[in-house]
Amino acid sequence: MVNILKQTVIGLFCLCFVFQTSVHAAVIALDVGHFPARPGAVSATGETEFEFNRALAIVLRQVLQDRGFTVNMIGESGDMKELEARTRAAKGADIFLSLHHDSVQPRYLEYREIKGRRQHYCDRFSGFSLFVSRINPDAAQSLRCAVSIGKSLRQAGFTPSPHHAEPIPGENRLFADQLNGVYYFDELVVLKTAAMPAVLIEAGIIVNRTDEAVLKQPQTRKKISTAIADGIEEFFKKR
Ligand SMILES: [Zn+2]
């Protein structure tokens with residue numbers, strides 16, 4: 001009886017050990033969206049999305065590494081001009097995360113002058129969005145991972161933006177999980193060509209004047225990164 005108990009305890013211990021290892025040995029491919037020559041969206045004060053993406057990615061990498069994840073950073077130096085090169089560089093990773101900051105359709109942009117320069121902005125929309133592709137070879141796990149991240153961002157106090165679902169040209173995206181801010185975007189190249197579950201994160205809308213100021217703060221970057229890392233940890237625990 002004592003032996004059986006002993007073996008059970010040892011067995012449980014081993015199981016826990018294997019489980020812990022599978023969570024913490026995971027490799028995250030962290031893709032910094034865009035590159036300096038084509039830097040993506042331009043913020044309400046004229047800063048580029050690429051700079052926002054890189055700044056957030058640097059914080060997120062640290063948070064993930066502190067939790068024992070291995071991070072394969074892609075595009076940090078701004079040299080990734082081909083989208084498929086990004087997913088090729090992710091080979092061997094367990095999940096692919098593409099980090100972005102959002103804009104809105106041109107019809108919603110308003111203009112003001114900053115230091116003699118005409119600058120667009122739009123305060124109408126606010127919040128994060130997550131995208132997954134049904135063409136990804138592991139579409140089910142992609143969705144599960146995105147839902148887990150969305151849930152965690154909401155728990156941290158962030159709000160998803162519904163603007164990508166608006167029935168207008170350029171949007172009209174189908175919700176995969178409205179509550180958690182997850183949309184389908186099947187043709188997004190990095191999502192469909194990744195060999196592993198993949199999620200694209202729009203961390204916030206940088207053409208929104210208030211949101212841009214908040215998104216720029218180091219404590220916001222830390223809070224977003226912590227929430228994303230919590231979501232990823234939860235995803236691996238239940239895998
Ligand atoms: Zn982008």
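Here, each number is a calculation from the coordinates, and none is a lab measurement. Note that the structure is a prediction, hence the values are computed from the model and not measured. No Cβ is skipped: glycine too gets one built from the backbone with ideal geometry, and neighbour counts run over all protein chains shown.
Per-residue ellipticity at 222 nm, computed for the chain from helices alone with -39500 (n - 2.57) per DSSP H run of at least four residues, works out to -13000 deg cm²/dmol. Residue order for H101, H164, H34, H120, fewest other beta carbons within 10 angstrom first, comes to H120, H164, H34, H101.
Structural descriptor for the chain: relative contact order 25 percent, calculated from alpha carbon pairs under 8 angstrom and at least 6 residues apart.
Roughly how big is the chain's charge dipole about its Cα centre, with Cβ charges of +1 (Lys, Arg) and -1 (Asp, Glu), in debye to the nearest 20?
380
For the stretch 122-133, putting each phi into the Karplus relation 6.51 cos²θ - 1.76 cosθ + 1.60 with θ = phi - 60° gives couplings of 7, 9, 6, 10, 8, x, 8, 9, 10, 10, 9, 10 Hz, in residue order, rounded to whole numbers and with x for Gly and Pro. Taking a sphere under 10 Å around the Cβ of H100 and counting the other residues whose Cβ falls inside, with K and R at +1 and D and E at -1, yields a net charge of -4. Taking a 27 Å limit on the Cα-Cα distance, which of the listed pairs K91/K216; K192/K237; K115/K222; K192/K223 fall beyond it? Among K91/K216; K192/K237; K115/K222; K192/K223, the Cα-Cα distance tops 27 Å for K91/K216; K115/K222; K192/K223.
Of I228, I206, I114, the residue with the greatest mean-square motion in the GNM of the chain, using alpha carbon springs below 10 Å, is I114. Amide hydrogen proximity for E166: with H placed 1.01 Å from N in the peptide plane, the residues at 5 or more positions away or on another chain lying under 5 Å are N172, R173.
Counting only DSSP beta bridges whose two residues both lie in the stretch 28-237, roughly 40 percent are antiparallel.
As a ratio to 2.2 N^0.38 Å, the alpha-carbon radius of gyration for the stretch 28-237 is 0.95.
Here is the size of the stretch 190-237 from its Cα atoms: Rg then Dmax, 13.5, 37 Å.
By the compact-protein rule of thumb, 2.2 N^0.38 Å, the alpha-carbon radius of gyration of the stretch 81-169 corresponds to a ratio of 1.39.
Go ahead and run the numbers for FRET between A25 and I114, Cβ-Cβ distance against an R0 of 45 Å, rounding to 0.05. The calculated FRET efficiency here is 0.45. Of all complete DSSP H helices in the chain, those with a Cα span along the helix axis of 30 Å or greater and a mean Kyte-Doolittle hydropathy of 0.0 or more are 2-24. Listed by chain and number, the lysines whose C-alpha is less than 21 Å from the C-alpha of K238, apart from same-chain residues fewer than 8 away, are K151. Computed from phi, the 3J(HN,Hα) profile of the stretch 33-47 under the Karplus parametrisation 6.51, -1.76, 1.60 (θ = phi - 60°) reads x, 6, 8, x, 6, 9, x, x, 5, 10, 6, 5, 10, x, 8 Hz, with x in place of Gly and Pro. Phi angles of the stretch 99-116 translate, via the Karplus equation with coefficients 6.51, -1.76, 1.60 and θ = phi - 60°, into HN-Hα couplings of 9, 9, 10, 9, 10, 9, 5, x, 4, 8, 6, 10, 10, 8, 10, 10, 6, x Hz per residue; Gly and Pro are given as x.
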